[in-house]
Amino acid sequence: HPATTRGLRAYLDFLPSNVACEWTVTLGGGSILPLAEQVIAQGGHICIGLGDYHFGELGTPTNAELVARLKAIAAEVGREVATPAETKAMLAIA
């Protein structure tokens, strides 16, 4: 689906409503930042990194700076970033 509000809605419409699931959005070749707030506000997770896109519109960010930016967006919509232990629990990883 395209990295737009409509594309996100189409993606979410395919998730089963009767099954709890963790879902993630990643985007190669473009910036996920314009859609990040919507993804996070709707309960999703974001995979972000310089390997997917260079984020030249931000100058020369590091991966740590990209994660910090997403953490700030999450805080704005009332969500906290999961700890490694919380992530393992969500994904049922021992």
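The values are calculated or read from the model by the stated rules, or taken from the named source; none is laboratory data. Values in this document were obtained by computation on a predicted structure and should not be read as measured data. Here Cβ is always computed from backbone atoms with ideal geometry, including for glycine, and neighbour counts include all displayed protein chains. For accessibility, only protein heavy atoms count, side chains too; no ligands or nucleic acids. Shrake-Rupley method; radii C 1.70, N 1.55, O 1.52, S 1.80 Å.
Descriptive notes on the structure:
- For the chain, the solvent-accessible area of protein heavy atoms averages 66 Å² per residue (probe radius 1.4 Å; ligands and nucleic acids excluded).
- Average projection, convex hull of the Cα set of region 47-94: 4.2 square nanometres.
- From helices alone, the chain scores -12000 deg cm²/dmol at 222 nm; the rule is -39500 (n - 2.57) for each run of n ≥ 4 DSSP H residues, then divide by the residue total.
- Kirkwood hydrodynamic radius of region 1-54, from inverse mean 1/r over distinct Cα pairs, in Å: 11.7
- Given R0 = 30 Å, the distance between the Cβ atoms of L50 and N18 translates into a calculated FRET efficiency of 0.20.
- Long-range tail of P(r) for region 3-94 (Cα pairs > 18 Å, %): 49
- Share of carbon and sulfur in the accessible heavy-atom surface of the chain [1.4 Å probe, %]: 57
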